[in-house]
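See structure below.
The values are calculated or read from the model by the stated rules, or taken from the named source; none is laboratory data. Just so we're clear, the structure is a prediction, and the values are computed from it rather than from any experiment. Heads up, the Cβs are rebuilt from the backbone with ideal geometry, glycines too, and the neighbour counts pull from every protein chain shown. Protein only, heavy atoms only, side chains kept; ligands, DNA and RNA dropped before computing areas. Shrake-Rupley method; radii C 1.70, N 1.55, O 1.52, S 1.80 Å.
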Amino acid sequence: MHTLTLAGISAGIKARRFSSVEVTQHFLGRIERLNPALNAFITVTADQALAQAAAADQVVAAGKGGPLTGVPIAHKDIFCTDGVLTTCASKMLSNFVSPYDATVVRKLKEAGVVMLGKTNMDEFAMGSSNETSWYGPVKNPWDLSRVPGGSSGGSAAAVAARIAPAATGTDTGGSIRQPAALTALTGIKPTYGRVSRYGMIAYASSLDQGGVLTLNAEDAALLLGAMSGFDERDSTSVDLAVPDYTATLNQPLKGIKVGILKEFFGKGLEATTESLVRDALEVYERLGATLVEVSLPNLPLSVPTYYVVAPAECSSNLSRFDGVRFGYSCAEPKDLLDLYTRSRGEGFGAEVKRRIMTGTYVLSAGYYDAYYIKAQKVRQLISDDFKRAFAQVDLLVGPTAPTTAFELGAKVDDPITMYLNDIYTIGANLAGLPAMSIPCGFVEGLPVGLQLIGPHFAEAKLLNAAHQYQQQTEWHRRIPAGYA
Ligand code: GLN
């Protein structure tokens, strides 16, 4: 049962081959047995899951319900969940039980989805290896001595290990796509504004987007469709109808123009990864696509631009954690200042503090123009590069990450090297574009991801291109040893 896709589980429930309660019990059993070695979950909501599953079974018995009724999934612990611990993997929120549901959680609940629990992540989604979590690192099921990627590393490890059939994630600079690449999953970050950020704990508000990690493009289409759409509670949410992403998966790709991003094939990209990405390009050629080399000259400036903009926004967003209103409060404060400084000093981890300090610096008088305003200008240049590229091609294709999963601890002492993991993913966030990662091969048993980037609101085209590739290949069906 655990190797089924969401679509497969849904079909099984509809055909009464098994009930939602049976599937849910099966996954809860696997979580109990396999999660201790992976550390993919922060909270498992077994009782609530079984109650939701029983309710879903009644809906199905009454001949009602939709494609997601009774299907279990996991939520990244950045999404607020009513009555359930919501930590963002920080000591700061280690006692925070949310009084409301994020819009994503609410929409999926309304679609009949069962929540198995909340997945581990980098603290406040800051990281690329899931090693900054206050709850400890997550292990990659393909090799337990390696990282699963981050920041949605718990979601990725849970789905790859088949202890959850799918999971939500968030992507500010690559946090859905990079872990998807490192664990052989399909991950999609939609257009900025497509999915509501209400109740999704803010890291860098102009970059953050919710999305999904799944076993294939069909499941991604199903889940993304259910969680997308306008939300009056998020002022950056876009009021545009959500198409049925599953309806266009089988469109032929004949005649589409695929751009090969020249800047993504330079130094820093492992040769073995490059060769698998080039093999994938050949698959697209066989499917009738025309390959065109495209250059985005400002794209190499993505990482430095991001590491001004994201910390600036995070320093502002995280100022709400003051030890007074919610979250961690230090013991016996001497006075108000002591309460603020010790609560924040004790509640935040090292990487979060590094970002807050960087952000406060680039926003300070005297440096604001030199760093923050400059970064905003470069961000616009990067956006303009993408706009020019999409005047020539339908999609852009390249690697998702420069290397396969690295050893735990290998990059923790070197933040700059860690930041370079997102060298290929950050551009799409700066420009607000939809982008996804799909498995395109293995190097010494470790997965490699292919990245597809589309113009604004081209999610259907991306999912279509991913699905067509997955009809020709079997990489996405591989299961790590010991988890089949
Ligand atoms: N690794 C990047 C960072 O640490 C991106 C994280 C993310 O997308 N949430 O900021």
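Ligands, DNA and RNA left out, the 1.4 Å accessible surface of the chain is 54% carbon and sulfur atoms. Across 3, 191, the residue with the most accessible area heads the list, and the full order at a 1.4 Å probe is 3, 191.
Solvent-accessible surface of segment 403-484, averaged per residue with a 1.4 angstrom probe and all protein chains in place: 33 square angstrom. Largest accessible area first, the residues 134, 142 order themselves as 134, 142 under a 1.4 Å probe with ligands, DNA and RNA left out. Computed over the Cα atoms of the chain, the ratio of the radius of gyration to the Kirkwood radius (Rg/Rh) comes to 0.95. Taking all protein chains into account, the per residue accessible area for segment 177-276 stands at 34 Å² (1.4 Å probe). Rolling a 1.4 Å probe across all protein chains gives residue 461 an accessible area of roughly 60 Å².
Normalised by the number of residues in segment 115-162, the average gap of Cα pairs under 8 Å and 6 or more apart makes the relative contact order 38 percent. Where does the longest stretch of the chain lie that holds no GluC sites (Glu not before Pro) found in a DSSP loop with 13 or fewer other Cβ atoms within 10 Å? Counting only loop sites that pass the neighbour cut-off, the longest clear stretch is 1-231.
Shown are 98, 145, whose ranking by accessible area with a 1.4 Å probe and every protein chain present, most to least, is 145, 98. Counting only lysines at least 8 places from residue 76 when in the same chain, those with an alpha carbon closer than 30 Å to its own are 14, 64, 91, 107, 109, 118, 139, 189, 353, 411, 461.
Over the chain, Cα pairs under 8 Å with separation of 6+ residues give a relative contact order of 18 percent. Out of all DSSP beta bridges with both ends in the chain, state the antiparallel percent to the nearest 5. Of all bridge pairs located within the chain, approximately 70 percent are antiparallel. Spatial offset of segment 316-344 relative to segment 465-482 amounts to 47 Å, using the alpha carbon center of each.
Which shape class, rounded, prolate or oblate, goes with segment 333-484 when its Cα gyration tensor gives a ≥ b ≥ c as root eigenvalues, a/c under 1.5 marks rounded, and past that a/b bigger than b/c marks prolate? Cα axes put segment 333-484 in the oblate bin. Counting only DSSP beta bridges with both residues in segment 1-149, the antiparallel share comes to about 55 percent. Once you reduce segment 103-139 and segment 41-56 to the center of their Cα atoms, the two points are 15 Å from each other.
Accessible surface calculations at 1.4 Å, restricted to protein heavy atoms, place segment 80-145 at 28 Å² per residue.
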